[in-house]
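In what follows, a single structure is set out as structure tokens and then discussed.
The values are calculated or read from the model by the stated rules, or taken from the named source; none is laboratory data. Not measured: the values here are computed from a predicted model. Here Cβ is always computed from backbone atoms with ideal geometry, including for glycine, and neighbour counts include all displayed protein chains.
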């Protein structure tokens, strides 16, 4: 796998590139569990559906990443990378479920790919494995978090806007009836022109990827 090509693959977790560019240790085992080609195929199909330009990892590379996570967390705790990305998944679920936001079809489609992979019994790494059981899920979630980082940022701004309005009116958020259209209108009015709305012009919250994948 070409290293420079990987470095240009913006949808991979930053630390995960470290695992793909080093020489794999050899073998497909994670502790006592042997990963299967069918599971890798399932993972890479999901990855391709989310981000077609992302290079597909091999079994050796995924096993190397997982084994390093096991080595770093001998106490059996869930890696911070995994915990963070599962929280991102929960936030994505909230975004899609929020009627006021009315998420675009492509966002809903990406969430559905994640749901189907996570529920698939043929997924690469069984969820019940200690430490690394959700590692494959977390990598795919990270890809989505990067692809949708602007959507996340806009949604966080919208949620703050709606919360301020609810607090001011002393009512529950769900009773405000505020929608994304109202948020956009407030943004454009504050800038004096509807043309000022756009993803490169809105003030965003910090990148939703709050931690990096470092398990070496």
Flag for residue 129 being in contact with a strand residue (DSSP E or B) (Cβ under 9 Å, 6 or more places away or on another chain), within 23 Å of residue 65 (Cα to Cα) and modelled with pLDDT under 95 | yes
The number of residues in the stretch 112-171 that are surrounded by 14 or more Cβ atoms within 10 Å (Cβ to Cβ), outside any helix (DSSP H, G or I) and touching a helix residue (DSSP H, G or I) at 6+ places or on another chain (Cβ under 7 Å) is 8
Would you mention how many residues in the stretch 58-74 are in contact with a helix residue (DSSP H, G or I) (Cβ under 6 Å, 6 or more places away or on another chain) and surrounded by fewer than 19 Cβ atoms within 10 Å (Cβ to Cβ)?
-> 0
Scanning the stretch 177-195 residue by residue, those in a loop (DSSP other than H, G, I, E, B), modelled with pLDDT under 90 and at negative phi turn out to be 193
When you go through 96, 107 one by one, which is the residue that is on the phi < 0 side of the Ramachandran plot, surrounded by 15 or more Cβ atoms within 10 Å (Cβ to Cβ) and under 12 Å from the mean Cα position of the chain (by Cα)?
-> 107
Could you list, in sequence order, all residues of the stretch 59-95 that are touching a residue at least 40 places away in the same chain (Cβ under 8 Å) and not in a helix (DSSP H, G or I)?
-> 73, 76, 77, 78, 79
Counting only residues that are surrounded by 19 or more Cβ atoms within 10 Å (Cβ to Cβ) and not in a loop (DSSP other than H, G, I, E, B), how many does the stretch 42-57 have?
-> 5
Could you please let me know if residue 36 is in contact with a strand residue (DSSP E or B) (Cβ under 8 Å, 6 or more places away or on another chain) and over 25 Å from residue 155 (Cα atoms)?
-> no
